[in-house]
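Colleague: Let me begin by handing over the structure; questions about it come next.
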Amino acid sequence: MTDHIRVTYRIETPGNVEALAQKIAADQSTGTFTELPGETEALKARYAARVERIDPLPDAETPGFPSDAPGPFHRADVTISWPLEAIGTDIAALMTITVGGVYAIRGLTGVRVMDFDLPPAFACHPGPQFGIAGSRRLMGVSEGPMIASIIKPSLGLSPEDTAQVVQTLCEAGVDFIKDDEKLMSPGYSPLAARVDAIMPVIERHADRTGKKVMYAFGISSADPDRMMRDHDHVAARGGNAAVVNINSIGHGGMAFLRKRSQLCLHAHRNGWDILTRHPALGMEFRAWQKIWRLLGVDQFQINGIRAKYWEPDDSFVRSFHDVMTPIFSDADRPLPVVCSGQWGGQAVETYRRTGQTLDLMYLGGGGIHGHPNGPAAGVRAIRRAWAAAAAGETLQDAAKTDPDLAASLARWG
């Protein structure tokens, strides 16, 4: 049935899995804790949620949530469907009905939203404005990975100091530069002043070389009107990208921005870890990222191999495949941004484990700025590492004839 919304939950309970699944379906649609005179069979047939599938998983000996109940704790992946007519295509309605109340249900010692299977009606949301193809066009990179960097130090630089770092990175040969996600409009670097200092550097480099480096400015704000004023200032000065802290601005803020945006929207997912680090709670990235893609994310940061944060490599690989899997069409795929402690040494494994694709942005911060021979050498080393990956070479063999890559391996390898 293409007119139903399906959500898969990983649930855990000391009780009966099927009974709890039925309770979730009832509580999150037409029912409550007792029979109701208005809940007729006709009403339930049209609007009630249904348990469609239960896939048992091995029991757990200890509960996911604190519980005095004795084990074992029974686990299963449960798929529940709602008629589209009962929810509609509004994201707030979807999240309220299928997600918000589920965590409060009594009897659970674990619940995690694993996936959304959304009907074609949800294609009404705009999705990426630029995505992979548009990002390549704006950066002038027709093939190969897009090599990117971030302003370092992340905080504390004045607009003028930041512009000097931008000039260094442009000359080093990057395709993309971004504000750190923590940088929006602090007193020492107001957004407008930063834009006014940086864009002339970008334009002069473009005039001199023919290449306009994409710069993404941090415009996130809880006030949508302020966010749009900052967006407009970036666009008026010739900018073409923005960093958006999607969890901080929320679904409504993202929808407001995307409807009016002229910029390529680079999503930072800080705060997602709150939803996912406990395996018995929260939301799988596969489910979570679909919502933001529908709302209009063009580029999606997803960490990387041997990242500097907690996330295991297998989780990154799943995230990469998730964002590269169409929801409704190839056009709704954002550009995956591989980041977090990347310096080129992870290129070969990244290429191998992500389906041997070069449709990605490879973001190096310290791996470029911290190269012993300077940022330009850091960029060259990363490009050589990716050329080795695509050619089936090892990094060690490639480094024999490339001193920049050899220096990277000596420092970080």
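The values are calculated or read from the model by the stated rules, or taken from the named source; none is laboratory data. Quick caveat, the model's predicted, so the values are computed rather than measured. A quick note on method: Cβ atoms are made from the backbone with ideal geometry, for glycine too, and the neighbour counts reach across all protein chains shown. Heads up: the accessible areas ignore ligands, DNA and RNA and are worked out on the full protein's heavy atoms, side chains in. Shrake-Rupley method; radii C 1.70, N 1.55, O 1.52, S 1.80 Å.
Colleague: Gain in length, Arg50 to Gln356, computed as 0.36 nm per residue apart minus the alpha-carbon separation, to one decimal in nm?
Modeller: This chain segment gains 106.2 nm when fully extended.
Colleague: Dipole of the chain (Lys/Arg Cβ +1, Asp/Glu Cβ -1, origin at the Cα centre): which of Leu360, Pro312, Tyr103 lies farthest to the positive side?
Modeller: Positive-most Cα among the choices belongs to Leu360.
Colleague: Going Cα to Cα from Lys182, which lysines come in below 20 Å? Please leave out same-chain ones fewer than 8 positions away.
Modeller: Candidates past the 8-residue exclusion: Lys152, Lys308.
Colleague: Can you compute the charge dipole magnitude of region 227-357 about its Cα centre, using +1 on each Lys and Arg Cβ and -1 on each Asp and Glu Cβ, nothing else charged? Give it in debye, rounded to the nearest 20.
Modeller: About 180 debye.
Colleague: Classify region 322-403 as rounded, prolate or oblate from the Cα gyration tensor: take a ≥ b ≥ c as the square roots of its eigenvalues, call it rounded if a/c is under 1.5, otherwise prolate when a/b beats b/c and oblate if not.
Modeller: In terms of gyration-tensor shape, oblate.
Colleague: For region 134-139, take each phi angle, set θ = phi - 60°, evaluate the Karplus expression 6.51 cos²θ - 1.76 cosθ + 1.60, and give the result in whole Hz per residue in order, putting x for glycine and proline.
Modeller: x, 4, 4, 5, 5, 8
Colleague: To continue, here is another question. Run lengths n ≥ 4 of DSSP H only: what is the helix-derived mean residue ellipticity at 222 nm for the chain, with -39500 (n - 2.57) per run over all residues, to the nearest 500?
Modeller: -12000 deg cm²/dmol
Colleague: A further question on this structure: Given H placed 1.01 Å from N in the peptide plane, which residues other than close sequence neighbours of Arg53 have an amide H under 5 Å from its amide H?
Modeller: So Arg53 has HN proximity to Thr79.
Colleague: Which far-off residues, 5 or more places away or on another chain, put their amide H under 5 Å from the one on Met283, with H placed in the peptide plane?
Modeller: Those qualifying (amide H under 5 Å, at least 5 residues apart or on another chain) are Val113, Thr276.
Colleague: Once the piece of chain linking Asp161 and Ala121 is laid out straight, how much longer is it, given 0.36 nm per residue of separation minus the C-alpha distance between them?
Modeller: 9.6 nm
Colleague: Another question about this same structure. Quick one: order Ile54, Ile274, Ile5 from most to least accessible surface, probe 1.4 Å.
Modeller: Of Ile54, Ile274, Ile5, the descending order of accessible area is Ile274, Ile54, Ile5.
Colleague: With +1 assigned to the C-beta of every Lys and Arg and -1 to the C-beta of every Asp and Glu, and no other charges, what is the dipole magnitude of region 286-413 about the Cα centre in debye, to the nearest 20?
Modeller: Magnitude of the dipole: close to 160 debye.
Colleague: Share of region 281-363's accessible area from carbon and sulfur, percent, 1.4 Å?
Modeller: Using a 1.4 Å probe with all protein chains present, region 281-363 comes out at 48 percent carbon and sulfur.
Colleague: With a 1.4 Å probe and all protein chains left in place, how much of the accessible area of region 24-169 comes from carbon and sulfur atoms, in whole percent?
Modeller: Ligands and nucleic acids excluded, carbon and sulfur give 54 percent.
Colleague: Quick one: what are the phi-derived ³J(HN,Hα) couplings along region 376-384, Karplus 6.51/-1.76/1.60 with θ = phi - 60°, whole Hz, x for glycine and proline?
Modeller: 4, 5, x, 5, 4, 5, 5, 4, 5
Colleague: When a/c is below 1.5 the answer is rounded, else prolate if a/b is larger than b/c, else oblate, so apply that to region 121-224 with a ≥ b ≥ c taken from the square roots of the Cα gyration tensor eigenvalues.
Modeller: Oblate is the answer for region 121-224, as a/c is 1.5 or above yet b/c matches or exceeds a/b.
Colleague: Additional query: Tell me, what is the per residue accessible area of region 15-173 in Å², probe radius 1.4 Å?
Modeller: That works out to 49 Å² for each residue.
Colleague: I need the phi-derived Karplus couplings for region 152-165: 6.51 cos²θ - 1.76 cosθ + 1.60, θ = phi - 60°, integer Hz, Gly and Pro marked x.
Modeller: Along region 152-165, the couplings run 10, x, 5, 10, x, 6, 6, x, 5, 5, 4, 4, 5, 5 Hz.
Colleague: I've got another one for you. Around Ser220, which amide H atoms from residues at least 5 apart in sequence, or from another chain, sit under 5 Å from its own amide H, with H modelled in the peptide plane?
Modeller: Asn245
Colleague: Put a dot 7 Å past each Cα toward the Cβ at Asp330 and Asp196; how far apart are the dots in nm?
Modeller: In this crude label model, Asp196 to Asp330 measures out at 4.4 nm.
Colleague: Where does the Debye-calculated log10 I(q)/I(0) of region 44-137 sit at q = 0.15, 0.16, 0.17, 0.23 Å⁻¹, using only Cα point scatterers of equal weight, no solvent?
Modeller: The Debye formula, applied to the Cα set alone, gives -0.78, -0.84, -0.90, -1.25.
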